[in-house]
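No value in this document is a laboratory result; all are computed from the given coordinates. Nothing here was measured: the structure is a model prediction, and the numbers come from that model. Cβ placement follows ideal geometry from the backbone for every residue including glycine, while neighbour counts extend to all protein chains displayed.
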2 protein chains.
Amino acid sequence: MTLSTPGPTLGVVGGGQLGRMLAEAAAPLGIEVVVTDPTPDPPAGPVARDALTGDFDDEATIRGLAERSDYLTFEIELADPDALERVSEETGTPVHPKPDTLRLIQDKLVQKRELAEAGVPVPEFRRVDSEADLRGACEELGYPAMVKARRGGYDGRGNVPVESPDDVAEAFAEIVDTAQGATPEDPEGVAMVEEMVDFDREVAIMGCLGDGKQDAFPVTETIHREEILREMVAPARVGEAVRERAREVALDVLDVVEGRGVYGIELFQHGDEVLLNEIAPRPHNSGHWTIEGCHTSQFEQHARAVTGRPLGTTEQRAPTALANLLGDVAERQEATMSGEQAIFEADRAHLHWYGKREVYRLRKMGHVTLVGEPDADRDELVEAVGALRDGTTFQN
Amino acid sequence: MTLSTPGPTLGVVGGGQLGRMLAEAAAPLGIEVVVTDPTPDPPAGPVARDALTGDFDDEATIRGLAERSDYLTFEIELADPDALERVSEETGTPVHPKPDTLRLIQDKLVQKRELAEAGVPVPEFRRVDSEADLRGACEELGYPAMVKARRGGYDGRGNVPVESPDDVAEAFAEIVDTAQGATPEDPEGVAMVEEMVDFDREVAIMGCLGDGKQDAFPVTETIHREEILREMVAPARVGEAVRERAREVALDVLDVVEGRGVYGIELFQHGDEVLLNEIAPRPHNSGHWTIEGCHTSQFEQHARAVTGRPLGTTEQRAPTALANLLGDVAERQEATMSGEQAIFEADRAHLHWYGKREVYRLRKMGHVTLVGEPDADRDELVEAVGALRDGTTFQN
């Protein structure tokens, strides 16, 4: 290859914070980023070459993007695989990851089935098409269980715990209510249920699929509350056996998926075992710590992979913790965050503001990363970054 | 302060690579960057909110910039201090560093005088307004000496060595020819001459002036050929005494200059002594290694300082070497660089492409940074990064 100006253009479906951080990472490599988003001037807008406005499944918008781009990718699972596939074929613009893989991942039931068949360890799960199915499955799997919308859920939305037989009817109705395209009269195909995994920790690993090369970043420990990722620390506070097992699983996942790019792989850890929770065919919140924590960030890695450049090293630089800056307001409103001064004043703390105009409860508005000394105590690091986050608020 | 969207806008006079890297660093802090440059779609264009087109001294352009900005700064000394001062007063938009300091630095003679008066060690120098002045000064200072245009020189342009009395006439004529606003008939005020310093090394230190706080990044060793910066390594291969002395000099320089920001301070080192060569009131090539080599980059530091945010730590993360990617072609032409594959393949190597459409001999087109292990041999690090650079070419 060669480098010139303008360099290759990477067209990204989605212009949220992932698109923004992708654009920040692509620029030094001479890669220009154009995004599409339903929201005019989305978070990626200020640092992208251009932001087109259109729905994630609007084929004309995606065609417009492809016509300006040398490579296509997406930063949100709501991207339409059919539209991407057609546009890619029509315009000859390669798309990575492959639309088939996006399709596979969009349906959590199909995702689990394919991964299980490939030997990836997954929790026990069942397809459930009715309240009766759910009741039967819960009796097999035991209570509590987790009923999930097969499509469209994220950040905990579309997941409902079923604690006892008394919860079954309400939980199923709630999933049908939140699932895309479902009606109470015809709920077939909308839901699945999984055993509730009794995990020690949740961990995540970013898999990297290059041109004939597989790799993975170090395992991250992810700390959720209300099913929202709050803090993370890398390396995870797990032993060598778990780290190796997680890496094996990541490489197995990369055998199943198609198309170059970075894949977020969320796992449950119990003892020395890990079980796959979910995968995302894109950079993922659990990999944000790599911006300062690794030599290559997950965003640079994704830009490299999708544009056919060699993968960078996944070597970690230092123990790193991260806390998400989440909306702490009851009502949707213009976003003004105070308390950021302490983040600016803390040595080795790094602010990442996502550029969203409005905040609502638990919306991801930014994050703060804290890089530790080589021998840093990871408990203290998580506590310290949490304290920086706790000093901020969107309340007036 | 608070954070919101859109965040503060930083207006930057100049949209070259420094503006580009400033925009890359400002985005995560929620700071939007707008630049002005005489060239449409300059290097900073793809990652800035907007790029206005206009000359560096065009007051209407600077006013347009100020009207969109909360803070003004500049990334090139060709910015017009008078225009900046007037526009800042008219619009109430603060400008940092202060136009008075820009004015001081623009005239190398005035710069040296003020710094010498403040106790900063400088080479012996004389004002020279005629060939006869130059001849007299060289006899006092000894041959060889360096005659310099007082204004407008950079990257070695505007500096001419005077090896012997035979060179005096030609050297003076050359300086008058290259100096801004000078004519052979009226050369008064255009030139100065300095003793040629017999240095062991050239080193540089980035001074940081925050709101009531002074700091400096670790000392960098800079390696020039044909008066162009080729490679650098940090920390410099000098002893503790030199590092301390350089830091003292940097803090003394920060006492002289006015206005928040990062200042590039170039020094000659001889034994345990350092002498000031030149200062630049902005991020500087010799500080590019901080992007990966420090927790806070010089660009983030400048963005923090100018917008009144606290300075970040100047702590170094690892030994770091850097090589500039310079034009190696004889004629000005469209830029296409080959050989970058090895940079992508090298672990811990980081490419920075500046997004310039045309290349000419010795034009700065990008750089490559190589981060070493904590105990890295710095000779080897410089050699390795030089080899990566040597593998690239703009020749077809």
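Which of B:R247, B:R20, B:R68 ends up with the largest GNM mean-square fluctuation for chain B, with Cα atoms connected below 10 Å?
In this elastic network of chain B, the residue with the biggest mean-square fluctuation among B:R247, B:R20, B:R68 is B:R68.
Specify whether the C-alpha gyration tensor of chain B places it in the rounded, prolate or oblate class, a ≥ b ≥ c being the square roots of the eigenvalues: rounded for a/c under 1.5, otherwise prolate if a/b is larger than b/c and oblate if not.
rounded
Distance in nm between label sites at B:V197 and B:E273, each 7 Å beyond Cα in the beta-carbon direction?
My value for the distance between the label points is 1.1 nm.
Given 20 Å bins starting at zero, what is the percent of C-alpha pairs of the protein assembly as shown in each, up to the one with the largest pair distance?
Using 20 Å bins, I get a P(r) of 16, 47, 27, 9, 2, 0 for the protein assembly as shown.
Report the residues of region B:122-161 in range of a label on B:V110: point 7 Å along Cα→C-beta, backbone N strictly under 15 Å from it.
Residues B:150-153 qualify, since their backbone N sits under 15 Å from the label point.
Taking a spot 7 Å from the Cα of B:E248 along the direction of its beta carbon, which residues of region B:192-222 have an amide N less than 19 Å from it?
In region B:192-222, the label zone of B:E248 (backbone N under 19 Å from the point 7 Å along Cα→Cβ) covers B:200-201, B:203-208, B:214-220.
Around B:N396, what is the net charge, scoring Lys/Arg as +1 and Asp/Glu as -1 over all other residues with Cβ under 13 Å from its Cβ?
-3
Zone of B:F344 (label point 7 Å along Cα→Cβ, backbone N under 19 Å): which residues in region B:13-36?
What the label zone holds, given the 19 Å backbone N cut-off, is no residue at all.
For A:E140 and A:E185, what does the FRET efficiency come to when R0 = 22 Å and r is the distance between their Cβ atoms, rounded to the nearest 0.05?
0.25
Could you work out how far the C-alpha centroid of region B:18-94 sits from that of region A:80-94, in angstrom?
39 Å
Restricting the count to DSSP beta bridges whose residues both fall in the protein assembly as shown, what percent are antiparallel, rounded to a multiple of 5?
80 percent
A:K148: which lysines have alpha carbons under 25 Å from its alpha carbon, excluding same-chain residues fewer than 8 sequence positions away?
Output for A:K148: A:K98, A:K108, A:K112, A:K364.
Considering only the other residues whose Cβ falls under 10 Å of the Cβ of A:T73, what net charge follows from Lys and Arg at +1 and Asp and Glu at -1?
Here the charged neighbours net out to +1.
So what is the calculated 222 nm ellipticity per residue for chain B, using -39500 (n - 2.57) for each DSSP H run with n of 4 or more, over all residues, to the nearest 500 deg cm²/dmol?
Counting only the DSSP helices, I get -9000 deg cm²/dmol.
Go ahead and run the numbers for FRET between A:D211 and A:R63, Cβ-Cβ distance against an R0 of 35 Å, rounding to 0.05.
After rounding to 0.05, the efficiency reads 0.85.
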